[in-house]
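Q: Here it is: the structure, laid out below.
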Amino acid sequence: MKKTYKKLLPTALVLAAMLGIAPAHAQGDTKAELIAMAKEMKPFSMRVLGPPVGTAEWVFVVQPFWTQAVKEISDGKVTATLNSVTDISAQPQDALQLVSQGTFDMTNMVANYGSGDVPTLDGFDLAGAATSTEQIKKVLAAYEPAADAALKKRYRLELLGAGMSGAQTFFCKGNINTIDDFRGKKIRVSSSTLAELVKGLGAAPVTMAFGELVPALQRGVIDCVITGSMSGNTAKLYEVADTLYFLIAGWAPTVQVANARSLSRLDEKQRAWLDKAMTYYYREVSDTIQTSNVNQGVWCNTADTRCTMVGQSGVTQGKMKLVEPSQQDLAKVREVVEKFVLPAYGRTCGADCTRSWNETAGKAIDMQISTQ
């Protein structure tokens, strides 16, 4: 029996979200409310920094939202100037500092990319901890207040929202049949918490820019890449990778973070509109797209006949072999999470941060970091 990795949404619903159009029930609710609110507010502008060009987050969510949807839901009152970190030759890890310095008013970024400056942000997505969409959504909701407090303390930044991205999985050159096959491999990771998971599996974590992945796999500099199933497709990893090992290593959740000084320049009506727009962004645009992209990413990379997105936004058909982890493999991952990932985060984040994670995110998914 063919497996559905997440509840697949109807194609029409996904396309509507891609175009910045909410599902029908939302069109009469949040979207209409945003337009009505916008009619009562003064125009304002936002300088927004987005993720790297070519990532699924940029292609399917961030770029369409800020360049198309915002104009509609603000009744033309909000002018958004959007740049990718790629456009300005910056690294994703630079985003928080660029917003803090006032170069941009806000950023949409993968939470883990900010953990070098604000370690608390790694708590949104400890590798291997949340194993389903239900779990990651519980973590995000529970942990937002702690992350917001840490951002305000470190940089005078404000968290406007957080949401899941695509499930992070393994694109590998050669055959991977069980989790033991990762031993000795060089695996590209995008966060310190993924690095701990990889080390726990007996592999070597490697960091490199997203745009370098295809040649690095091709030349054998790395053996595997951990990334979203759809991001891997739009980056054409299937051209140089043979196996899609569908172990969910993480979710690369994104956060909307704004400069507090920029927000202070908004009046009450403008700020109310922005807060509601961010809720709309995650609940009725991003979540819809990301949920579908997991399935479509897997199917399109592995020549499954259920792939329906070929030709859309750079999606093409691959011929990778799909391998699903066994129950024994999943049990080993749980051991690695408890032995390597959780303790490492506790050491990096400190006692207060660990206690906060245990009381919020950890409680939500029944996991705890030892404080002994």
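Q: I'd like to check which helices (runs of 4 or more DSSP H) are fully inside the range 284-366 and have at least 1 residues that are closer than 30 Å to Lys31 by Cα.
A: Here the list reads 287-301.
Q: Scanning the range 348-357 for residues that are surrounded by 21 or more Cβ atoms within 10 Å (Cβ to Cβ) and of a type outside the set (S, T, N, Q), which turns out nearest to the chain's Cα centre (by Cα)?
A: In this case the residue turns out to be Trp357.
Q: Name the residues in the range 326-347 that are surrounded by fewer than 20 Cβ atoms within 10 Å (Cβ to Cβ) and either at pLDDT below 95 or out of contact with any helix residue (DSSP H, G or I) (no Cβ under 6 Å at 6 or more places or on another chain) (or both), would you?
A: Answer for the range 326-347, where residues must be surrounded by fewer than 20 Cβ atoms within 10 Å (Cβ to Cβ) and either at pLDDT below 95 or out of contact with any helix residue (DSSP H, G or I) (no Cβ under 6 Å at 6 or more places or on another chain) (or both): Ser326, Gln327, Gln328, Leu330, Ala331, Arg334, Glu335, Glu338, Lys339, Pro343, Arg347.
Q: Whether any residue in the range 195-205 is touching a strand residue (DSSP E or B) at 6+ places or on another chain (Cβ under 9 Å), more than 21 Å from Val333 (Cβ to Cβ) and touching a residue at least 12 places away in the same chain (Cβ under 8 Å) is what I want to check.
A: Looking through the range 195-205, none of the residues is touching a strand residue (DSSP E or B) at 6+ places or on another chain (Cβ under 9 Å), more than 21 Å from Val333 (Cβ to Cβ) and touching a residue at least 12 places away in the same chain (Cβ under 8 Å).
Q: If a residue has to be farther than 27 Å from Thr131 by Cα and modelled with pLDDT of 95 or more to count, how many in the range 197-211 make the cut?
A: Residues in the range 197-211 being farther than 27 Å from Thr131 by Cα and modelled with pLDDT of 95 or more: 0 in total.
Q: In the list Gly314, Gly362, which residue meets the criterion of being touching a residue at least 24 places away in the same chain (Cβ under 8 Å) and outside the structural domain of Leu160 (by TED's automatic domain parsing)?
A: Matching residue, one of Gly314, Gly362: Gly314.
Q: Restricting the range 204-227 to residues that are buried (at least 22 other Cβ atoms within 10 Å of the Cβ) and closer than 25 Å to Cys349 by Cβ, which is farthest from the chain's Cα centre (by Cα)?
A: Among them, the one singled out is Ile226.
Q: Hey, another quick one. Return the only residue of Phe170, Phe182, Phe104 being touching a Ser or Thr at 6+ places or on another chain (Cβ under 9 Å), closer than 30 Å to Thr302 by Cα and at pLDDT 95 or above.
A: None of the other options fit; the residue is Phe170.
Residue by residue, here is whether (1) within 30 Å of Val240 (Cα to Cα); (2) free of Cβ contacts under 8 Å to residues at least 60 places away in the same chain; (3) of a type in the set (S, T, N, Q); (4) in contact with an Asp or Glu (Cβ under 9 Å, 6 or more places away or on another chain) holds:
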site: Ala80; (1), (2), (3), (4): no, yes, no, no
site: Asn108; (1), (2), (3), (4): yes, no, yes, yes
site: Ala127; (1), (2), (3), (4): yes, no, no, yes
site: Ala149; (1), (2), (3), (4): no, yes, no, no
site: Leu160; (1), (2), (3), (4): no, no, no, yes
site: Gly184; (1), (2), (3), (4): yes, yes, no, yes
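Q: Which of the residues belonging to the range 85-116 are within 10 Å of Val48 (Cβ to Cβ) and either among the acidic types (Asp, Glu) or not in a helix (DSSP H, G or I) (or both)?
A: Within the range 85-116, Phe104, Asp105, Met106, Thr107, Asn108 meet the criteria.
The values are calculated or read from the model by the stated rules, or taken from the named source; none is laboratory data. What you are looking at is a predicted structure, and each value in this text was computed from that prediction instead of being measured. Please note: Cβ atoms are built from the backbone with ideal geometry, for glycine as well, and neighbour counts cover all protein chains shown.
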